Amino acid sequence: MGASQSKMPFEEKAVFTTDDEYVHVENGLVGEKGTITDIVKSRTPEGLSFSTVSKWEGTLLEDPKNRLALSALSAANPRDVLLSRAVKIAEQQVFNIKIPFEGGPITNQRQSGRCWLFASTNVFRVALMQKYNLDQFELSQAYLFFWDKLEKSNWFLEQIISTADQDLDSRLVQRLLHEPLSDGGQWDMVYNLVDKYGLVPQTLYPDSFNASSSSVINSIIFTKLREYALVLRKLLSSSSSSSSSSSSSSSTTNPGTATQQTLSNTKAKMMKEIHAILTLTLGPPPSAAGEFTWSFVDRSGKARTVRSTPKAFAQDIYSPKFRLTSSTISRMVSLVHDPRHPPLTLMTVDRLGNVVGGRNITYINVDMATLKSACVSMLRAGYPVFFGSDVGKFSDRVAGVMDLDLIDYELGFNVSLLGADKASRLRTGESLMTHAMVLTAVHLDEETNKTVRWRVQNSWGTGVGEEGWFVMSDGWMDEFVYQAVVDVDFLSKEVKDVLKQEPVVLPLWDPMGSLA
């Protein structure tokens, strides 16, 4: 399946105006003094002169406000200095639509990029907590983490084999080698893992040091996978040369048969070594097909025991109080808001995945109104919502607030950091999906019925936000939320029908290929 570039919708024209010092850009035209190429080729690069910079400094510090800003901003974190106390006070944890059971405790991914596994298991656990009458419960994120690392390693080696005919310096191969596997992932990857390996309670496979602090094992596995990539490419290259030199022979055997077997054996040895690294650093996980025994005390103080296999446990999470089942999870889809592409477009990302033979990464591109409406419908029905966002923008982890007015950059620097629109931020790499969390409540304006703010369950422990809970303004959601995972039953026929389309295939390096 070939990759298609993200759509670049227009040629730009510089239009000079007098309302400020900047050159504004409009769509669909060319420059007034010739083409862009003409202008660039005829221009002499300009350096910076000492006198110009000195003049800028003098003008800047003539203003008493800027001298005050210098004193404050040079002595502390500018975000802390420019934090709006009024916004922090205004964004309260008050909501008029809230799921009846949010689950607990607040989880902590620590020094790892496993937010997608924490967000998804925080969704799954709600039904299990109701089913077994529990106050506190966590599913093992480390269990899914182990199998994800192993599966992604296998996925990487398969991508290396399938691109062996491309130059090592090609953009695609270099992208694969840049990050052979990451801690991050997507909803469809969660589905693949749970479908193949199931789920287990955290008490049966708790975090090891390397699960909660993953940088060292990532470094080790990255090094090995890059080494393996060169070995596999060399093997295929030498085999190809041998086949070419003997192509004139009248042999009736398939010249690639021996190579295929050698390739399979070589890759199996590599995967065995990766498995050994993961087992020794994360610990042997429960067998996906083997039976486990889980003993616990429920909220009434009764000691209970459950015997199951990971796969059977994952398929039996239904509770009469919470209508989440394995079939519900299987039909959940990812809505995304990517304004670079038309709404009601089905999209996928080339060569992005974890389990060979598993479900592809699929997005239904919609406008924000559709995405938010689906989230509200999910919350009204009592379902938590997995969502992906760019969490670092205009947010404060101490207060647990995400709001466009939270940090007043214009006050401190006389510049806005919201000059570009959402599509432009994606195109320039200024913003992309970086973190997955869970929505559990929303507040609607009583007069207009419009969404005002959202309650967010994070996975950074209880030391941030309001004991781990965040609040997100609706304006922040518009600008920095990219994905929400919802039950297809809450979508209109028009949106459901998008799933019948042939997907637009984005290249691996597209922002929508970023992993939360």
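The values are calculated or read from the model by the stated rules, or taken from the named source; none is laboratory data. As the structure is a computational prediction, the values presented were derived from the model and not from experiment. Cβ placement follows ideal geometry from the backbone for every residue including glycine, while neighbour counts extend to all protein chains displayed. Protein only, heavy atoms only, side chains kept; ligands, DNA and RNA dropped before computing areas. Shrake-Rupley method; radii C 1.70, N 1.55, O 1.52, S 1.80 Å.
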Where in the stretch 295-357 are there strands (runs of 3 or more DSSP E), lying wholly inside it, with at least 2 residues that are open to solvent by less than 10 Å² (accessible area, probe 1.4 Å)?
332-336, 345-349
Checking the conditions here, which among Val485, Val481, Val456, Val505 is in contact with a Gly (Cβ under 9 Å, 6 or more places away or on another chain), more than 24 Å from Ala423 (Cβ to Cβ) and open to solvent by less than 30 Å² (accessible area, probe 1.4 Å)?
Val456
Among the residues in the stretch 438-453, are any under 23 Å from the mean Cα position of the chain (by Cα), assigned to a loop (DSSP other than H, G, I, E, B), over 30 Å from Ser71 (Cβ atoms) and of a type in the set (Asp, Glu)?
no
Return yes or no: is Ser250 at pLDDT below 95, of a type in the set (S, T, N, Q) and in a helix (DSSP H, G or I)?
no
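Residue-wise test of (1) part of a loop (DSSP other than H, G, I, E, B); (2) more than 21 Å from Leu515 (Cα to Cα).
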residue	(1), (2)
Met189	no, no
Asp207	yes, yes
Ala211	no, no
Ile217	no, no
Thr223	no, no
Glu227	no, yes
Ser240	no, yes
Criterion (over 17 Å from Ile361 (Cα atoms) and of a type outside the set (Ser, Thr, Tyr)) met by exactly one of Glu151, Glu179:
Glu179
Within the stretch 97-110, can one find any residue that is over 30 Å from Ser208 (Cβ atoms) and either surrounded by fewer than 11 Cβ atoms within 10 Å (Cβ to Cβ) or assigned by the TED database to the domain that holds His275 (or both)?
yes
Sole residue being polar (S, T, N, Q) and touching a strand residue (DSSP E or B) at 6+ places or on another chain (Cβ under 7 Å), chosen from Ser373, Ser300, Ser326, Ser308:
Ser308
Identify all residues within the stretch 208-240 that are open to solvent by 40 Å² or more (accessible area, probe 1.4 Å) and of a type in the set (Ser, Thr, Tyr); write none if there are none.
Ser215, Ser219, Thr223, Ser237, Ser238, Ser240
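For every residue, the table says whether it meets (1) modelled with pLDDT under 95; (2) among the acidic types (Asp, Glu); (3) outside any helix (DSSP H, G or I); (4) under 23 Å from Met332 (Cβ atoms).
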residue	(1), (2), (3), (4)
Met472	no, no, yes, yes
Gly475	no, no, no, no
Tyr482	no, no, yes, yes
Val495	no, no, no, yes
Glu502	no, yes, yes, yes
Met512	no, no, no, yes
Leu515	yes, no, yes, yes
If I ask for residues that are open to solvent by less than 10 Å² (accessible area, probe 1.4 Å) and of a type in the set (Gly, Ala, Ser), which ones from the stretch 113-165 would you list?
Ala119, Ser120, Ala127, Ser140, Ala142, Ser153
Of all residues in the stretch 410-434 being at pLDDT 95 or above and hydroxyl-bearing (Ser, Thr, Tyr), the one that is farthest from Pro339 (Cα to Cα)
Thr434
Where the second residue is open to solvent by 20 Å² or more (accessible area, probe 1.4 Å) and in a strand (DSSP E or B) and the first is farther than 11 Å from Val481 by Cβ and lies in the stretch 384-401, which pairs have Cβ atoms under 8 Å and are six or more apart or on separate chains?
Asp396/Leu83; Arg397/Trp460; Ala399/Leu83; Gly400/Glu466; Gly400/Trp469; Val401/Ser395
